[in-house]
Amino acid sequence: MDGTVYPVRAIRSLTTVAPGILFVEGPASNWTVFHGDGRVELVDCGYPADRLLVEESIRAAGLDLSALARIIVTHGHSDHLGAGRVWSERYGVEVLAAEDELPNVRREVTEQVTVGDLLPFALRPGTIPWAVAAIRAGGLGEVGVPAAQPITVDVLELSTGHRLELLPTPGHTTGHACFFEPDAEALITGDALVTGHALLADDGELQQLPSFFHHDADRAEASARRLSLCDARWVLPGHGPAVRL
């Protein structure tokens, strides 16, 4: 561990989407475990406080942390980068993101909601408890991954035997990306579309996060509309449970 003491956390649910694809609904944000051929690759990895839970989910897939070869991130927010920096620096795990998102992932810029952004909504039910929980989970931590590299192809051939099609979905951040696994017809949406969040009233419905979470709300809305046209059988969101369509 990095020496930081975090509150006790627990995985909400584990969903086997298809052979070799395990979707994890974490305490407040999610990740997907791809496994096969003795290797593991993640899309996103929760908050820094979720590090042990990510390792637990890898064990649930029948492997351990030594099998982790790569982390692919939808975008460079603390609740998706998680412990990626630690695993990159200590174990040489490769971290990839869309090229336009690298400044966020490396923390050269930070397109992330701030305390000032939240002030106008402070009286909205749930805002303050959510902000406190996010900070306690490591939301203000040093999560940038200086060694992160760009995704340079439209289709990633994973070492676990899976494929991921890159779908640029700017708006939540400049270079936010979603990923489609064609064999399982599974769409990983990051924060372009979610099915739940502490600041949303409805759970289980595909929806956008509140507009103040987006770097460019208009572009985020346009990206969400495009995603609604995808021919997916599963939607694996950054927040909330998986949805089978």
Next item on the list: Being small (G, A, S) and under 19 Å from G175 (Cβ atoms) is the filter; apply it to segment 212-233 and report the residue that is surrounded by the fewest Cβ atoms within 10 Å (Cβ to Cβ).
Entry: A222
Item checked: Failed criterion for S13 (all others in (1) closer than 22 Å to G196 by Cα; (2) buried (at least 17 other Cβ atoms within 10 Å of the Cβ) hold) -> (2)
Notebook entry, point to check: Can you tell me how many residues in segment 194-211 are free of Cβ contacts under 8 Å to residues at least 60 places away in the same chain, among the hydrophobic types (A, V, I, L, M, F, W, C) and either touching a Ser or Thr at 6+ places or on another chain (Cβ under 7 Å) or open to solvent by 20 Å² or more (accessible area, probe 1.4 Å) (or both)?
Noted result: 3
Next item on the list: Could you look through segment 78-88, keep only residues that are open to solvent by less than 10 Å² (accessible area, probe 1.4 Å) and either out of contact with any helix residue (DSSP H, G or I) (no Cβ under 7 Å at 6 or more places or on another chain) or assigned to a helix (DSSP H, G or I) (or both), and pick out the one that is farthest from G141 (Cα to Cα)?
Entry: W87
Checklist line | Selected residue (criterion: farthest from the chain's Cα centre (by Cα)) from residues of segment 92-119 that are free of Cβ contacts under 8 Å to residues at least 60 places away in the same chain and open to solvent by 90 Å² or more (accessible area, probe 1.4 Å) | finding: L119
Notebook entry, point to check: Can you spot a residue in segment 142-151 that is polar (S, T, N, Q) and either open to solvent by less than 60 Å² (accessible area, probe 1.4 Å) or closer than 27 Å to L200 by Cα (or both)?
Noted result: no
Margin query: Checking D154 against (1) open to solvent by 60 Å² or more (accessible area, probe 1.4 Å); (2) farther than 24 Å from S228 by Cα: exactly one of these is not met. Which one?
Written below: (2)
Margin query: Tell me yes or no: at least one residue of segment 41-64 is in a loop (DSSP other than H, G, I, E, B), open to solvent by 30 Å² or more (accessible area, probe 1.4 Å) and without any contact (Cβ under 8 Å) to a residue 12 or more places away in the chain.
Written below: yes
Notebook entry, point to check: Does segment 89-140 hold any residues that are assigned to a loop (DSSP other than H, G, I, E, B) and farther than 30 Å from F180 by Cβ, and which are they?
Noted result: T114, A122, L123, R124, P125, G126, L140
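The values are calculated or read from the model by the stated rules, or taken from the named source; none is laboratory data. For clarity, every value in this text was computed on a predicted model and none was experimentally measured. Neighbour counts are summed over all protein chains in view; Cβ atoms, including those assigned to glycine, are modelled from backbone coordinates with ideal geometry. Ligands, DNA and RNA are stripped out before the accessible areas are found, and what is left, the full protein with its side chains, is counted by its heavy atoms. Shrake-Rupley method; radii C 1.70, N 1.55, O 1.52, S 1.80 Å.
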